[in-house]
Amino acid sequence: MIEANKVVSIDYTVMDETQTVVDTTEGRTPLAYLHGANNIIPGLEKALNGKKVGDDFEAIIEPQDTYGEHNPAMIQSVPVSAFKDVETLEIGMTFTAQGPEGEVHVVITDIQDEQATIDANHPLAGKTLTFKVRVLDVRDASEDEISHGHVH
């Protein structure tokens, strides 16, 4: 049974509100994580509590338990000249910027005159996500995995 300090392996498909697949393990290695160590989004970890090998289920998870609400304060306008090493700046380009709390991933959402609008929200922020999950394996975590907070 899935509980804290168990290594869990799952196959999953996640879809947004339009039922567009945004991520899946289909055709890839299953996801293995340490349950209770905040290695996956909180809503999915909560939905997995108490499940066992062979369980198939669907979980609809609200934004506050996935990637948070979309935060308008994380959108700002910066001079195009801030991207001095980029020959042609285009909408949709992603960059890593230095924020007050470390590295932040941003995407260019608009370019007007000499200003670029950047958005540091996670691309799935503010979205309700549907997870289709199959539990493949559950085992006790090693002391090493527990002390490091992730699967080895």
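The values are calculated or read from the model by the stated rules, or taken from the named source; none is laboratory data. All of these numbers come straight from a predicted model, not from anything done at the bench. Because the Cβ atoms are built from the backbone with ideal geometry, glycine has one as well, and the counts that use them run over all protein chains shown. SASA here: full protein model, heavy atoms, side chains in, ligands and nucleic acids out. Shrake-Rupley method; radii C 1.70, N 1.55, O 1.52, S 1.80 Å.
Odds and ends about this structure:
- Filter pass, I91 being open to solvent by 60 Å² or more (accessible area, probe 1.4 Å), over 21 Å from the mean Cα position of the chain (by Cα) and of a type in the set (V, I, T): yes
- Scoring T109 on the criteria (1) part of a strand (DSSP E or B); (2) at pLDDT below 95; (3) open to solvent by 40 Å² or more (accessible area, probe 1.4 Å) leaves a single failure, condition (2).
- Number of residues in the stretch 21-36 that are in contact with a Leu (Cβ under 7 Å, 6 or more places away or on another chain) and either assigned to a strand (DSSP E or B) or among the basic types (K, R) (or both) equals 1.
- Filter result for V7 (modelled with pLDDT of 95 or more and touching an Asp or Glu at 6+ places or on another chain (Cβ under 6 Å)): no
- Just one residue in the set S9, S77, S81 is of a type in the set (S, T, N, Q), touching a residue at least 12 places away in the same chain (Cβ under 8 Å) and in contact with a Leu (Cβ under 7 Å, 6 or more places away or on another chain); that residue is S9.
- The residues on offer are V86, V133, V104, and the sole one that is open to solvent by 40 Å² or more (accessible area, probe 1.4 Å) and part of a strand (DSSP E or B) is V104.
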